[in-house]
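The values are calculated or read from the model by the stated rules, or taken from the named source; none is laboratory data. As the structure is a computational prediction, the values presented were derived from the model and not from experiment. Backbone-built Cβ (ideal geometry, glycine too); neighbour counts: all protein chains shown.
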Amino acid sequence: MNNTTMAGITPDHVQDIFDRSALTYEIYGVPPKIVVAVCQLPNGFIITGQGACVDTTAFNEEAGKRVANNQLLDKIWELEGYLLQQHLFDIGRADDFVD
């Protein structure tokens, strides 16, 4: 596991995965109301994020992309945390980090 510590995942590791992922954005609604981000992770797994507004006059594409990207980063954290926990379980060390 690159850029990880036995106790957790680092921000650099999560950002590296995000940076190596393929991202596409689509805008939906007439007038525009939501930005949907589709992120194909380096291993091929696909996750999504979205940024939307209630008032279409306040729609901002860049703000929507920022919100969607933050959701993607949160999902990567969660997936990497699961992967680390499974690795620790597989090697018999899962209880080492339980309080």
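Taken over the range 10-21, the criterion of being surrounded by 15 or more Cβ atoms within 10 Å (Cβ to Cβ) and not aliphatic (A, V, I, L, M) is satisfied by His13, Asp16, Phe18, Ser21. For Asp55, the criteria (1) at pLDDT 90 or above; (2) charged (D, E, K, R); (3) within 19 Å of Gly8 (Cβ to Cβ); (4) exposed (fewer than 13 other Cβ atoms within 10 Å of the Cβ) hold in every case but one, which is (3). Scanning the range 22-39 for residues that are of a type in the set (D, E, K, R) and surrounded by 12 or more Cβ atoms within 10 Å (Cβ to Cβ) gives a single hit, Lys33. Residues that are within 23 Å of Pro11 (Cβ to Cβ) and at pLDDT 95 or above are absent from the range 81-99.
So in the range 40-99, with the set limited to residues that are among the hydroxyl-bearing types (Ser, Thr, Tyr) and closer than 23 Å to Ser21 by Cα, which one is nearest to the chain's Cα centre (by Cα)?
So in the range 40-99, the residues among the hydroxyl-bearing types (Ser, Thr, Tyr) come out as 48, 56-57, 82.
If we keep only those that are closer than 23 Å to Ser21 by Cα as well, we get 48, 82.
Details: Thr48: 8, Tyr82: 13 Å.
Going through the qualifying residues, I end up with Thr48.
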